[in-house]
Each structure stands twice: as C-alpha cells, then as structure tokens.
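The values are calculated or read from the model by the stated rules, or taken from the named source; none is laboratory data. Nothing here was measured: the structure is a model prediction, and the numbers come from that model. No Cβ is skipped: glycine too gets one built from the backbone with ideal geometry, and neighbour counts run over all protein chains shown. Just so you know, the surface numbers come from the protein's heavy atoms only, side chains and all, with ligands and any DNA or RNA stripped out. Shrake-Rupley method; radii C 1.70, N 1.55, O 1.52, S 1.80 Å.
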Amino acid sequence: MKILFFMRSTVYVRNFESTLRLLAGRGHRVHVAAEVHQYLDPGDLIGRLCREHPEITHGLPPGPSAPTWSQLGVELRKGIDYLRYFRPEYRDASKLRWRAEQKAPVFAASAAWRRLVLTRRGRWLLGRFLRTCDRALPPDPAISAFIHDHRPDLVLVTPLVEPGSPQSDYLRSARALGIRTGLCVYSWDNLTNKGLIHDPLDLVTVWNQAMKAEAVALHRVPAERVVVTGAAPYDHWFTWTPRASREAFCARVGLDPRHPYLLYLCSSRFIAGNELPFVRRWVQEVRSAAAALRGAGVLVRPHPQNAERWATADVSDFGNVVIWPRDGGNPIDEDTRADYYDSIHHSAAVVGINTSALIESAIVGRGVYTLLAPEFRDTQDGTLHFRYLREVNGGLLHVASGISEHVSQLETALRNPDAAADRCWRFVEAFVRPYGMDVAATPKLVVAIEATAAAGARRPSRGPWWRLAARPALASMASAMQEARQGANHALEARKAAKQRDQQERAARRLALERQAAFVAECRARAFDAYLRARERLRPLRDAEAGANGSTPAERRLLAALAPLWDAAPETIAELRRYTAATSGVRAADYDDAPRPVRARFERDLRRLLVRGDSALWVDEPAALGAFGFESGGRRYNEETLRCFRVVSLLQDASLIREFRGAAPRRTVWEIGGSGGFAHHFKTLCPNVTYLMTARPEVLLPAAVYLMTLFPDARFRFYDPQNPRAFWSEWDATDFGFAPESIVARMEPPSLDLTIDLMALERMHPSRLEMHVRRAFDLGCRYIASVCPSGNPDGDLASPVRPDLERLYWLHPVCAPESLARRLSLTIGEGPVQRTYFLGWKRLLV
C-alpha cells in the first residue's frame, strides 16, 4: 500500500523512525512530505532512512495555491483553539491561556469578541460560528493535486494540533478525494497543551488510555477511531545497554567517578525559558542542606531546543558540576543516543521540571524527582500533562514542595539508586507499554495504520450543501481579515523592532556599566600612586613658596580647604573629586539629595545646551575618583561639566576648536588655576595640544592627581626650580605641564595659543590678576577665555576681572549678553558672585 505522511518538518521524523522502518520492511511505500529543518535536524535522519529503505521517499509539502482561503481557515481555527482554554480543565493553566492569547486571531481584538468571550453562552456562539465558517472553506487545488498525483491509500499527519492547525488543509483535500486520513499523535503532551483536532479522522493513534480519554473528551474524536498503541518513539530504549563504563563516562564528561552524581534534565523553552538561575540555586541549596549531597556530582543536560543559554554558562565555582553536552545533544543517531542513555544509566537519580526526558529516565529505571518551584508553577501544575507524571498508575515523579523534602528524597536515592525501579516500571507499563512491558508499540502502530488503509476508499467529502452560497461572504471576510492581519503583522514587526532596539540599548547600557565599573576600579588602583608621585614633585614647590605674601581672603580660604590633601589616605584619594569643591566650584552634597526643582533646572539646561550646541563636543563627567552629579539621557554631569561645555561651545562658535583639534602644528593651552576638569574635557577633544597649568602647588596637587589617573599614558612634566630651562625643552613632547604661579612672569613656552581662566583670576589681588593677563598678551596668546564676575563683586569674595581683560583683548561678538543667555542657557546669578563668559582676541595695539 501507499502512505502519504505529512509532517510539519523533518524534526518530527525522530518519533516515527521505527514506524517508518517497519512499514518499509513490510513492503509499504511511504512518502514523507516535510520541510527540512537544518537547525534541529542536523543529522538528516530522513535522508538516512531514504538511503537505507528505497520504499521511503521524501519531498517538500505543497504550498496552498489559494493562500487567502488557507489563511482564513487558520485564523478561524485559531479562534476555536483559543476558546478551548476557557474550559474548566484549564482554569489553572494561565500560561497555556497566555500563549493562546498571543496566537489569537486578529478578530479577537474586536469589541464584540471581547464581550462574547466573557460568557459561556457567548463562547458557545462564537465556537459555533467559527466552526460553521471553517466547514464551508474549499479544499486547496494545489494540495488536492499533490495528493491525487501520489494516489495514496492513506494520508497521515503529525502533529496537526498546532495553533490554527495549518495541516487541516491536507486532511480536507484528502477527504474531498475520498482518501482515508489519520493522525499519529506526536508526543504525550500534544492533546492538552496545543490546539484542537478540527477535522474528522479515520484514525487517531495515541500512546495510552489517558491520551485516548483526552482525544475523546477534549477533541470529540469518536472512541472507536482512537487506537492505543503504546509509545513507539521509545521502543528502542527497552533494548539499549550502556556503551561506556561508569568510570569512563565520568572521565569523559568531567565528573569525579568516586562520587555518585545527579542528572538534571532541562526542559523546553516554553516550560522553562531560562532555567540557569534555578539550576544554580538548586545546586547550592541541595549541597548546603545535606552532607551526603555535598560531594555528589551534578550533570546538567540542556534541552536540545533550549540550549542557547547553556553554551557559555559557567558552573565551575561549584566543583564537580558539569554541563554536557553544551548543545543539548539531540539523541537521533547511535552516538548521541548512547551518550544520552549512559548519562541516565550511570546516574543515581534524575531531576527535572517537566520534560519527556523524565519518561525516558523511567524506562532506564532511574528514579525521577522534581521540586515544585514558584517560577515554574504555570508549567508544572499549570499544565494537564504534568499531572500524568504525578498520577498515572501511582505516579512516576517523587514530588517535593520544599527543599528539605526534596533533599530527603535525593539522599534516599543516593543510598539506593535502584529503589525507585518498581515505581518506574508501574508508570511505564501504564503510560509507555500498555500491552505489557515486552510488547513493543511500533508493531501496534503499524497494524493500526495498515488496518485503516486496508479499509479502502471512503465517500468523498465535499463539505456542507450550503457552502457555495456562503463563500461570497467568506471571501469578504477573508479580504477583511487579510487586511487586518497585514496591519497586525506590521504592528508586530514594529513591536519586535522596538523590542530589539530596547534589548540592544539594554545590552549597551550593561556593557557601558561593566566598562565603567572596570574603569573606576582601574582608576582607584592607580590613583594613590599618581598622588604619591605628584606630591613628591610639588611638595618642594610648596615649601619654597611657604612665606609668599599677597594672598587674598578668597585664596586663603581656598588654600585652607586644600591643605589636608598633602597628607591624604588612599581612601581620600579614591574619592578625590569630593574634596576639590574649592577649585571646581561644585560640592557633592548639593547633588546627593538634590531637590526635584534643582534637578529639573539642570536637565533643562543640559537639553538646551545640546540642542543649541554641538553634541560631539560633549564629554561626560568621568565616573572615577568619587564623581558625582546627575544622569540624564545617558549623560553624567554636574555644574562644572556644563561650565566646561559652555566654554568649549564658545570656542566652537568662534571657529577656534578646529585649530586645536588639528594634528599640526602642536598648540599650547595655558590654564590659570583649575581643578583639572576643563583640562580633562579639552584634552579629550584636542589630544594634540600641550596643556600648561600654573597655580599655587596646593591647587596643582589635586589637578595633577586627577589628570594622571585619567590619562595614565600621557606625558607629564613638573617644574623643577633647580633646572628651570628643562621644563620648556622638548615642549611638543609634553601632554601636561604643571608650574607654580611664581614663575608666570618669566615663563617662556615656545608658543601660547589660548589662555583659560575658570574663576581663578577673580580670587587674586588685582596686581597679580593684571600680571597674568599681561603675561598672556606679551607671550603673543591670541585668545583668552574666562568665566569671571560680570560686574564689580564684593572685594572679600572676588576681584573684578573684565576690565583687565578688555584692556588687552577685544570682546568676541559671540559674547554679547543676549547671545550668551540664548546660546549658553545662562541663568541669572551663579552663587554669591554673578558671573559671565568672556572670550577675547588679542588687540593689535594697546
């Protein structure tokens, strides 16, 4: 006889290998129509069967020639499948209902559907309407032609019960041709946790009486058409023997053969999408709860269709715990089956959540244990098929509701691994070999197939008599549904794209956080060494200037605040930025518990600055050395960060930044005072400059430590009064130079292109202030940028800076008051002293 067997993909061949071989051995011709699944069927099982048995052939199934009708049928049947999960049996099956909702048809979102589905009467009406429409759909011409050309005596399908049952098209065409049809149920959970059987069948083969009851009660299949055969996919395990000794197997997978081991069999993606955290917690709790289990090995075997997370998982911290094989090792050939069997046979006990592998373990005779975990409640007790493992013929599983009960069961298993064998055999006899432990299932299945095919052709089924009259309305429905489906698909693609973007952004943030943590750790590790080196070079300068006069009240307050840093502990240097408010002008305390209006003002200023400026010139506040501030839009900042960006923006507006970002010639920037914050910002943007800082040694110390920590590979130079000319030699080979204020009047850099003052000049006595500006002018510095008082401040707080600047430098047009307010988002008042931003270029004549 000729059998046409439609399978969803070649993955499904695995469970019918013995059936196909026996059918071929009895002289029957079998053509398997299935899509090739390269990922889950890399071993090409169907190809091997075709080569070994000429009676078996394989080809791709036909696609529908009328996809509009086919898609309408799928949508109608998805609606019927969705309604099944409102039955009383599924009251606690929340995850199954959720999955059905995700695959619900497009019309399930309508207001009418939502109202009707809430009541039993409404669901009955919906089901009746959907089934009536589905019955009126015509068979697909291309599929009918395909079946007719093969002229089979019987058409079989598996798995059929996918959402919407796309394989119903094959059954409909076969019935229209008068060919008998059958469903070979693929696995033990298919009749309870997937879709419904929507079409009449001449044969439904199941493993056991429990599944027959499901077919009759849940799918309305007449009992006389359901044949119990036993579990044909598992026949081969009854004759299997271990290939390797226990010692050899343990050595191969990496377990200590001196100790027994537990085999943990992972579940599918739907049952346990991310099982790794649970397995780690399980190993830890089991080992810490009992001394007998502390030395026991654990072999974790990933599920073949849910192995991605295990590919790089690391469990080496436990000791004597291995993941093997990493890809799950789908047992479809001699070698992979031998590995699988040996892993079960040599174990002391098997543990799992809810997987077919637990049944295979029972065949081998190993006790099967499970822990009812809260995270898997919906896929353990929340599924109908899990109850069979607990209840059929006394139940297979040793179920524990808590870790102490679970540990007690495992201790018993370790003492006597064979003690659970009787329980296994009782379950297997009822669920896998219902005709007796010595009666294989495959011959029973083949006999049922032969009997159905031998019954001969049946009367062709053309559908209900009113089908032609209904099709115009159904065509309109199909067109509307196709439009709705296209819209839903577009929305789904948009959601997927958004989800993918979100995942990518999350991954990028995680990576950024990891890099940031590593950067912070590296900075902490090298900061104190930088401090010791800088202190050694700057302390002689401090001692030399100890008797210097001319400090203003503002400077005396500054120096007093910085004095403790000369004898700082490593912990202080690790949090350096929190101790430099005197030079940076920002205090950590103002940010740690900042009121919401303050945060809102900063976020507003940041947004305005970025909109009006060039975001490419933005540099985050580094996370190292006790950094503080706000985070918004993926940026970290405080008032000093904004101040630096404002200055750089002014330079950009004046078309100066490009000069300093060029490779040649190398330019010199002189900052008067400073905390190191602007030096970091500017040097990050313009690495090919030599950056000179002059100030009191107390000011230079934290700035030097900060920059040496952030730029570990940069070239630093400190002024040596014993050899002053050496400081200026090979100037282009220097990244940062630090010199005391006392040498400003006689400093001689090879060139000077830009002078920076960020609130340093205002602290000085007017004579020293004038000397600094004059020195910049005399050295030919073309530009000077200053954050300085906007008027005449209180003399105890600050000195007026702008008159000295304007005497030697023209005010650049970008610094017009209205331009500053708009461009730099300046607010009125910045502490007790109101400040402005000044950018000037050198006057030609003074």
ask   = Using modelled backbone amide H atoms (1.01 Å from N, in-plane), which distant-in-sequence or interchain residues come within less than 5 Å of Thr181's amide H?
value = Val155, Asp202, Leu203
request  = Using only the C-alpha atoms of the range 599-734, find the volume of their convex hull and express it per residue in Å³.
outcome  = 122
ask   = Can you give the charge dipole size of the chain about its Cα centre, rounded to the nearest 20 debye, using +1 on the beta carbon of Lys and Arg and -1 on the beta carbon of Asp and Glu?
value = 2800
inquiry  = Here is the link list: Lys103/Lys496; Lys78/Lys496; Lys95/Lys194; Lys103/Lys194. Which ones come out longer than 18 Å on Cα distance?
reply    = Lys78/Lys496
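Accessible area per residue of the chain at 1.4 Å probe, in Å²?
43
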inquiry  = If you take every residue apart from Ile56 with its C-beta less than 14 Å away from the C-beta of Ile56, what net charge results, scoring Lys and Arg +1 and Asp and Glu -1?
reply    = +2
query = By how many degrees, between 0 and 90 and to the nearest 10, does the Cα long axis of helix 596-612 differ from the longest principal axis of the chain?
reply = 90
key: Cα centroid separation - the range 469-534 against the range 294-340, whole Å   = 30
remark   = proj_area_mean for the range 251-298 (convex hull on C-alpha atoms), units nm², value 3.9
request  = Show the residues, 5+ positions off or on another chain, whose built amide H is closer than 5 Å to the amide H of Ala594.
outcome  = none
Cα-projected label distance for Phe86 with Arg601, points at 7 Å along beta-carbon direction, nm = 5.9
request  = Can you tell me the equivalent ellipsoid semi-axes for the range 419-547? Use √(5λ) from the Cα gyration tensor, largest first, whole Å.
outcome  = 77, 38, 10
query = From largest to smallest, what semi-axes in whole angstrom does the range 314-422 give when each is the square root of 5 times an eigenvalue of its alpha carbon gyration tensor?
reply = 22, 18, 16
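So what is the orientation-averaged projected area of the chain, using the convex hull of its C-alpha atoms, in nm²?
48.5
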task = Counting only C-alpha contacts under 8 Å and six or more residues apart, can you give the relative contact order of the range 662-703 as a whole percent?
result = 51
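Assign unit charges at the C-beta atoms only (+1 for Lys and Arg, -1 for Asp and Glu), then state the dipole size of the range 531-621 relative to its Cα centre in Debye, rounded to the nearest 20.
Dipole size: approximately 300 debye.
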query = Considering only the chain, what is the antiparallel percent among its DSSP beta bridges, to the nearest 5?
reply = 15
inquiry  = Please compute the Kirkwood hydrodynamic radius of the range 527-677 from all pairs of different C-alpha atoms, in Å with one decimal.
reply    = 18.0
query = Taking the simple approach of a point 7 Å from Cα along Cα-to-Cβ for both Arg115 and Arg390, what is their distance in nm?
reply = 4.0
query = In square nanometres, what is one fourth of the surface area of the convex hull spanned by the alpha carbons of the range 407-467?
reply = 9.1
ask   = So how much accessible area does Glu411 have, in Å² to the nearest 10, using a 1.4 Å probe?
value = 50
key: Distance (nanometres) between label positions extended 7 Å along Cα→Cβ at Ser245 and Glu575   = 6.3
key: Cα long-axis angle, helix 67-84 against the chain (0 to 90 degrees, to the nearest 10)   = 90
key: Longest to shortest principal axis, alpha-carbon extents of the range 486-545, angstrom   = 81, 21, 7
task = For the range 78-117, report the convex hull volume of the alpha-carbon atoms normalised per residue, in Å³, without decimals.
result = 64
request  = With just the Cα atoms of the range 205-279, tell me how far they stretch along each of the three principal axes, in Å, largest first.
outcome  = 55, 35, 15
inquiry  = Could you compute the net charge surrounding Glu698? Neighbours are other residues with a C-beta less than 14 Å from the C-beta of Glu698; K and R count +1, D and E count -1.
reply    = +3
task = Quick one: which residues, 5 or more positions from Leu758 or on another chain, have an amide H under 5 Å from its amide H? H modelled 1.01 Å from N in the peptide plane, none for Pro or chain starts.
result = Ile672, Val787
request  = Among the lysines, select those whose C-alpha is under 23 Å from the C-alpha of Lys444, and discard any that sit fewer than 8 residues away in the same chain.
outcome  = Lys2, Lys212
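Below 8 Å between Cα atoms, with a sequence gap of 6+, how large is the relative contact order for the range 1-151 in percent?
Dividing the mean separation by the residue count of the range 1-151 yields 23 percent.
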task = Report ³J(HN,Hα) in whole Hz for each residue of the range 480-494, in order, from the Karplus equation J = 6.51 cos²θ - 1.76 cosθ + 1.60 where θ = phi - 60°; Gly and Pro get x.
result = 5, 6, 5, 4, 5, 5, 4, x, 5, 5, 4, 5, 5, 4, 5
inquiry  = Counting only protein heavy atoms and a 1.4 Å probe, tell me what percentage of the chain's accessible area is made up of carbon and sulfur.
reply    = 52
key: Residue-by-residue Karplus 3J(HN,Hα) for the range 778-785, coefficients 6.51, -1.76, 1.60, Hz, glycine and proline x   = 5, 7, x, 5, 6, 9, 9, 10
query = In whole angstrom, and with the biggest value first, how far do the Cα coordinates of the range 240-360 range along each principal axis?
reply = 38, 34, 26
ask   = For the range 139-187, taking Cα atoms only, what is the radius of gyration to one decimal and the Dmax to the nearest whole Å?
value = 10.5, 31
inquiry  = Restricting the calculation to Cα positions, tell me the Rg (one decimal) and the Dmax (whole number) of the range 674-797 in Å.
reply    = 14.5, 43
note = Output for the range 680-726: trypsin sites (Lys or Arg not before Pro) sitting in coil per DSSP, at most 15 other Cβ within 10 Å, listed by number, reads Arg715
task = Work out the charge dipole of the chain with +1 on the Cβ of Lys and Arg and -1 on the Cβ of Asp and Glu about the Cα centre, then indicate which of Asn274, Gly780, Val11 is farthest towards its positive end.
result = Val11
remark   = So Ala469 and Arg151, fully extended at 0.36 nm per residue minus their Cα-Cα distance, gain in nm 111.4 nm
message = Stokes-Einstein diffusion coefficient for the range 1-59 at 4 °C in a medium of 1.567 mPa s, Rh from the Kirkwood formula over Cα pairs: what value in µm²/s?
response = 116
request  = Evaluate the charge dipole of the range 507-562 about its Cα centre and quote only its size in Debye, nearest 20, assuming +1 on the Cβ of each Lys and Arg and -1 on the Cβ of each Asp and Glu.
outcome  = 240
request  = Over the Cα atoms of the range 105-248, compute the convex hull volume and normalise it per residue, giving Å³.
outcome  = 203
key: Dipole axis of the chain (+1 Lys, Arg; -1 Asp, Glu on Cβ), positive-most option in Phe736, Ile147, Pro325   = Ile147
remark   = Sequence order, the range 7-12: Karplus ³J(HN,Hα) from phi using 6.51 cos²θ - 1.76 cosθ + 1.60, θ = phi - 60°, Hz rounded, Gly and Pro as x, gives 10, 4, 7, 5, 4, 6
